[in-house]
Amino acid sequence: MWQLTSAVRFYPWGSRTVIPELLGQPTPADRPHAELWMGAHPDEPSVLADGRPLDAAIAVDPERLLGPAVVGRFGNRLPFLMKVLAADTPLSLQAHPTMEQAQAGFLAEERAGVPRDDPARTFKDPWHKPELLLALTTFEALCGFRPVEESLHCLAKLQLPELKPTIAALARGGLQAAIPQLLAMSGKRRTHLVDVVAHKAASFVAAHDPEFINTYRWAATLAETYPGDPGVVISLMCNHLKLAPGEAVFLPAGNLHAYLSGAGVEVMASSDNVLRGGLTTKHVDLAALIEVLDFSDGRVPVIHPVLGPGGLRYPVPVEDFDLTRAQLDEQAGPFTTRGPQVVLCAEGRAVLTGADGELVLERGQSAFVPAGVPVTARGPAVLYRATTNLR
């Protein structure tokens, strides 16, 4: 078992309080703390107590640290990454590729000689990036496309002639017709459309019209941060999700989403492939985004935990990762898994005990436990455990 030293990523949308408080640092911080990365992603690997990056330690002895089953399925790499994410302002509207799309896109850019650190590069690695977000606070997000009939009503309610082409495209050809049309719209026309949509949406909010009020409120808010961005109009056709603490959502490949506000524990396949579609100043690869988007519509289910070994488990349909929330009391209980573990102490003080002794985790500290290593855990504490989902 090793305690981890993990890096914070600083993005403008982050919070100056959530992650600093978790880490026991002064608040408000001098800059926004957006993400705390715990794992072996090569861009920001956690560091072991002896100074070795976790990815380097795994490369030296993958069978012992990951276990034969994980190495056989995923190779000599930790297939998941755990984060604490804290958003004070919205993230970009984005989607992630399937494994096949990621491999093809990565190979094409490698052959074309596009540097991996080029801001215009689309595929950073050959891996997919499904993810699970578990809310620590009230968490709001746009997630997938709402039923087309609802979207038509939401757009038509604004009674804007500028929206008639979008409504016609949606009614005639569905989301596959309407979304690319908005993304490809020319600058001045797009800016005008976003302005009038935001203004009209704000008027419904001001009038306290309850129908679509959260959708309209966020459209108006997003337009203030990203004026002229087509994501503002696209947001009207997305499900608006509001998670209570302890609820979670799973985001498969192709799901168009944007985290709007709140803090959560995020576990994902270890990849950095993000295809942005709006609400951003970063590179947008329109063709690649359209290629990976899942245009199916409907509600996105909220995931509630089930009782599993060690605590409350959040079931997901992928093998790359698994997440459990463990409420520990003062009595030690088994905390062993077949796969490797990354463990975060979110509350209290946890003691992990194995053959090599005890490891104490205070609030905000994390640890790596190799596959199959017998370990017990006691508190009082709340732990979040990420491992693989191989059966």
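The values are calculated or read from the model by the stated rules, or taken from the named source; none is laboratory data. In this text the structure is predicted, and so the values were computed from the model without any measurement. Neighbour counts are summed over all protein chains in view; Cβ atoms, including those assigned to glycine, are modelled from backbone coordinates with ideal geometry. Ligands, DNA and RNA are excluded from the accessible area calculation, which covers all protein heavy atoms including side chains. Shrake-Rupley method; radii C 1.70, N 1.55, O 1.52, S 1.80 Å.
Of all residues in the range 327-353 being among the polar types (S, T, N, Q) and surrounded by fewer than 16 Cβ atoms within 10 Å (Cβ to Cβ), which is farthest from L78 (Cα to Cα)?
Of the residues in the range 327-353, the ones among the polar types (S, T, N, Q) are 327, 331, 336-337, 341, 353.
Retained after the next criterion (residues that are surrounded by fewer than 16 Cβ atoms within 10 Å (Cβ to Cβ)): 327, 331.
Numbers: Q327: 25, Q331: 30 Å.
This residue is Q331.
Let me confirm something: among L279, L241, L293, which residue is out of contact with any Leu (no Cβ under 7 Å at 6 or more places or on another chain) and of a type in the set (A, V, I, L, M)?
On the way: L279 fails: out of contact with any Leu (no Cβ under 7 Å at 6 or more places or on another chain); L293 fails: out of contact with any Leu (no Cβ under 7 Å at 6 or more places or on another chain).
When all the criteria are applied, what remains is L241.
For residues in the range 237-251 being open to solvent by less than 40 Å² (accessible area, probe 1.4 Å) and either among the charged types (D, E, K, R) or closer than 15 Å to E140 by Cβ (or both), which is nearest to the chain's Cα centre (by Cα)?
If we filter the range 237-251 for residues that are open to solvent by less than 40 Å² (accessible area, probe 1.4 Å), which is where we start, we get 237-239, 241, 243, 246, 248-251.
Pick out the ones that are also either among the charged types (D, E, K, R) or closer than 15 Å to E140 by Cβ (or both) and you get 238-239, 241, 243, 248-249, 251.
Working: C238: 17, N239: 16, L241: 14, L243: 14, A248: 11, V249: 9, L251: 8 Å.
Looking at the filtered set, the residue picked out is L251.
Quick one: how many residues across the range 268-293 are part of a strand (DSSP E or B), touching an Asp or Glu at 6+ places or on another chain (Cβ under 9 Å) and over 22 Å from L81 (Cα atoms)?
So in the range 268-293, the residues part of a strand (DSSP E or B) come out as 268-269, 275-278.
Narrowing further to those that are touching an Asp or Glu at 6+ places or on another chain (Cβ under 9 Å): 268-269, 275-276, 278.
Subsequent filtering for residues that are over 22 Å from L81 (Cα atoms) retains 278.
Total meeting the criteria: 1.
Can you tell me which residue is nearest to P317 (Cα to Cα) among those in the range 107-131 that are touching a Leu at 6+ places or on another chain (Cβ under 8 Å) and part of a loop (DSSP other than H, G, I, E, B)?
Residue satisfying both the conditions and the ranking: P130.
Across the range 272-294, what is the total count of residues that are in contact with a strand residue (DSSP E or B) (Cβ under 6 Å, 6 or more places away or on another chain) and farther than 14 Å from L93 by Cβ?
Residues that pass the stated criteria total 1.
Would you say V316 is open to solvent by less than 10 Å² (accessible area, probe 1.4 Å), modelled with pLDDT of 95 or more and in contact with a strand residue (DSSP E or B) (Cβ under 7 Å, 6 or more places away or on another chain)?
no
May I ask you to list the residues in the range 354-391 that are among the polar types (S, T, N, Q), in a loop (DSSP other than H, G, I, E, B) and either within 18 Å of L312 (Cα to Cα) or open to solvent by less than 10 Å² (accessible area, probe 1.4 Å) (or both)? If you could, list the steps in order and put the result at the bottom.
Taking the range 354-391 and keeping what is among the polar types (S, T, N, Q), we get 365-366, 376, 387-389.
Now restrict to residues that are in a loop (DSSP other than H, G, I, E, B): 365, 388-389.
Within the range 354-391, T388, N389 qualify.
Could you name every one of the helices (runs of 4 or more DSSP H) located completely within the range 183-261 that has at least 1 residues being among the aromatic types (F, W, Y) and at pLDDT 95 or above? Outline the logic, then answer.
Values: elements: 187-206, 213-225, 231-234.
Hits in the range 183-261: 187-206, 213-225.
When the range 146-166 is examined, which residues are found to be open to solvent by 40 Å² or more (accessible area, probe 1.4 Å) and in a helix (DSSP H, G or I)?
E149, E150, L152, H153, A156, P161, E162, K164, P165
Table: residues versus (1) of a type in the set (A, V, I, L, M); (2) within 20 Å of the chain's Cα centre (by Cα); (3) under 27 Å from D229 (Cβ atoms).
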| residue | (1), (2), (3) |
| --- | --- |
| A49 | yes, no, no |
| L66 | yes, no, no |
| A69 | yes, no, no |
| G72 | no, no, no |
| T89 | no, yes, yes |
| D118 | no, no, yes |
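Being under 26 Å from L286 (Cα atoms), touching a His at 6+ places or on another chain (Cβ under 9 Å) and open to solvent by 30 Å² or more (accessible area, probe 1.4 Å): is that true of E110 here? Step through it out loud before you land on a result.
Values: under 26 Å from L286 (Cα atoms): yes; touching a His at 6+ places or on another chain (Cβ under 9 Å): no; open to solvent by 30 Å² or more (accessible area, probe 1.4 Å): yes.
For E110, the condition - under 26 Å from L286 (Cα atoms), touching a His at 6+ places or on another chain (Cβ under 9 Å) and open to solvent by 30 Å² or more (accessible area, probe 1.4 Å) - is not met.
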